[in-house]
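The values are calculated or read from the model by the stated rules, or taken from the named source; none is laboratory data. This one's a predicted model, so the numbers in the text were calculated from it and none came from an experiment. So basically every Cβ, Gly included, is an ideal-geometry build from the backbone, and we count neighbours across all protein chains shown. Remember, those area values only see protein heavy atoms, side chains included, never the ligands or the DNA or RNA. Shrake-Rupley method; radii C 1.70, N 1.55, O 1.52, S 1.80 Å.
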Amino acid sequence: MPYRFAPPLSRRALLRAGGAAIAATALGGTGLAAPTAGALKAGLAAPRPVSADGDLVEVELVAKQRMQRILAEPAAPSPLITYADHFPGPVIRMRKGQRLRATLVNELDEHTSIHWHGIRLPNLEDGVPYLTQPPTGPGERHVYEFTPPDAGSFFFHPHCNTVELLGRGLAGVLIVEEPDAPKFDADLVCLVKDWQLNKDGSFGTFLTDRGASRAGTFGSVSTVNGAIEPVIEVPANGDIRARLYNIDSTRVVDLRVEGAEGWIIAVDGNPLPPRRLEEGWPMGPAMRIDVLFRAPAKAGQTLRLTNVYSAEPRPLATFRAVGPSLPNKRFKPRALPAADIPEPDLTDAPIVPMAFSATAVAQSFDGLDKAVLAGLPAADASCLSAKTFWAINQQSWPEGGHEHLPPPLLTLEKGRSYIFELANLTPHLHPIHIHGYTFKVLSSDGRKVVPHHADTVLLEPKERLRVAIRADNPGDWMFHCHIIEHQDTGMMGYIRVA
Ligand code: C2O
Ligand code: CU
């Protein structure tokens, strides 16, 4: 395992202090349903999902600082930045075919925008300041409107100063339900995220040179839905669809539901022929899987959600069976209805090399003295780090923020299919994300690849991975590593489809 889990705070201390009895009910169709008393006390006051019956789902997302307890007392509540009254929130649940109208209200003291991660939407709704829209300034609003073409488990987040804003909790969930999905007894959301918290509840440093030039800066405390080792209630003997999200800025996780047979049924929202969870599916930042498992037969019995991407498995949450046991039925993994993603024509597709590398600064960072770093050009503090550690095809996003747009990494011909050969020239992992498209993952030179669709793919050290798209969605589309410190220090660019 390349990375170890090493929280500066003792996990046991945290558990003792406050992680013990946080409950989130999974009944009523969502793991983020109305809070229980215990949940409120523990700060896990998840909002009700936002949804609507008609053709239009309307939601207002007010980005601002809100105090919320993550650490137990005596730590103070932490100054989160969220779109709703509580992290995690909101959870927008809509049916495929419904239109979303979301109004961002910026009550921050910096400009922002909302990027709808994983959605194949029109370029103008993609939420990248300067590239697809003017930044939404403090006190301003911006309306996004689109009809998501695919069902699945998506999320949304800002696209500037992301290292701090996402680090402080600015993200929401967007679920698009299949009209013809198999029936589950519960459908819940588990957002895995670490927080960079000091012992007193204040935030620590989100971006460090040491972290940004290597695997990233790890948070000090791990949570699910903003709670440390929460207990999530599931209907006894029920078939549970758990939408497992890695929304951390840095950490790679490989999740298990210990005590149950888990089946992966979707990746980044895209249906996957059911596959055993035990076989492993490492998820970098921004990656998601939908997992099906059977809840324990009797009320009170439990299962454990763990992260095995560490020296020893780390517990993240407990699923506890509640209520009368549902009648016995045969457990069999059911495939979700196939998505309708344009099929790339591989016979005619040019192979485009995309090389991810470290810059000289990153490579020599260990021995680099402060004077050299101080001599680097200053950056627009609101968008990017001053440092450039990474590059795509030897091009680093220039210091100075999104307003100084570099030329596109490449220009694709609209309607044509392309194979990207993603070459990781570094000894680090990089979850590579494309906006506005879903990759068809084809092959790797280093491992057997399960054919699947994804908006973010985890590149292993030194790996070459081939993915394909059909370039049918015109516009300028961001293409970057989703380890936010890597993105903010150069591993970011955009692809033009014209
Ligand atoms: Cu979730 Cu540009 O990314
Ligand atoms: Cu990276």
- Answer yes or no: is there a residue in segment 203-225 that is closer than 21 Å to Leu61 by Cα and either open to solvent by less than 10 Å² (accessible area, probe 1.4 Å) or not in a strand (DSSP E or B) (or both). yes
- Note on the structure: If you go through Ile264, Ile240, Ile232, the only one that is free of Cβ contacts under 8 Å to residues at least 40 places away in the same chain and in a strand (DSSP E or B) is Ile264
- Scan segment 115-141 for residues that are hydrophobic (A, V, I, L, M, F, W, C) and either open to solvent by 30 Å² or more (accessible area, probe 1.4 Å) or over 24 Å from Asp53 (Cα atoms) (or both) and jot them down. Leu124, Val128, Leu131
- Message: Of all residues being surrounded by fewer than 18 Cβ atoms within 10 Å (Cβ to Cβ) and more than 21 Å from the chain's Cα centre (by Cα) in segment 61-78, which is farthest from Val189 (Cα to Cα)? Just the residue, please.
- Response: Pro74
- Task: Could you tell me which numbered condition His430 fails, if it satisfies all but one of (1) away from ligand 1 (no atom under 16 Å from the Cβ); (2) of a type outside the set (Lys, Arg); (3) at pLDDT 95 or above; (4) within 26 Å of Arg251 (Cβ to Cβ)?
- Result: (1)
- Give, as residue ranges, the strands (runs of 3 or more DSSP E) completely inside segment 104-199 that count at least 3 residues that are of a type outside the set (A, V, I, L, M). 115-117, 141-146, 152-157, 186-195
- Message: Of all residues being small (Gly, Ala, Ser) and over 16 Å from the mean Cα position of the chain (by Cα) in segment 136-189, which is modelled with the lowest pLDDT? Just the residue, please.
- Response: Ala181
- For segment 403-454, how many residues meet the condition of being outside any strand (DSSP E or B), surrounded by fewer than 21 Cβ atoms within 10 Å (Cβ to Cβ) and more than 16 Å from ligand 2 (Cβ to nearest atom)? 17
- Message: Only one of Glu140, Glu125 is free of Cβ contacts under 8 Å to residues at least 40 places away in the same chain and within 15 Å of ligand 1 (Cβ to nearest atom). Can you tell me which?
- Response: Glu125
- Single condition Tyr437 does not satisfy, out of (1) more than 27 Å from Phe146 (Cβ to Cβ); (2) within 13 Å of ligand 1 (Cβ to nearest atom): (1)
- Task: Return yes or no: is Glu110 out of contact with any helix residue (DSSP H, G or I) (no Cβ under 8 Å at 6 or more places or on another chain), closer than 30 Å to Pro406 by Cβ, open to solvent by 10 Å² or more (accessible area, probe 1.4 Å) and within 16 Å of ligand 1 (Cβ to nearest atom)?
- Result: no
- Going by the structure shown, is Lys199 outside the structural domain of Gly284 (by TED's automatic domain parsing) and farther than 24 Å from Met491 by Cβ? yes
- Mind counting the residues in segment 455-498 that are under 19 Å from the mean Cα position of the chain (by Cα) and either basic (Lys, Arg) or more than 16 Å from ligand 2 (Cβ to nearest atom) (or both)? 1
- Item | Residues located in segment 144-171, provided they are of a type in the set (A, V, I, L, M) and either open to solvent by 10 Å² or more (accessible area, probe 1.4 Å) or within 16 Å of ligand 2 (Cβ to nearest atom) (or both) | Ala151, Val163, Leu166
- Message: Six or more apart or on different chains, Cβ atoms under 8 Å: show the pairs whose first residue is in segment 279-305 and over 29 Å from Pro327 (Cα atoms) and whose second is at pLDDT below 95 and part of a loop (DSSP other than H, G, I, E, B).
- Response: Arg288/Gly269
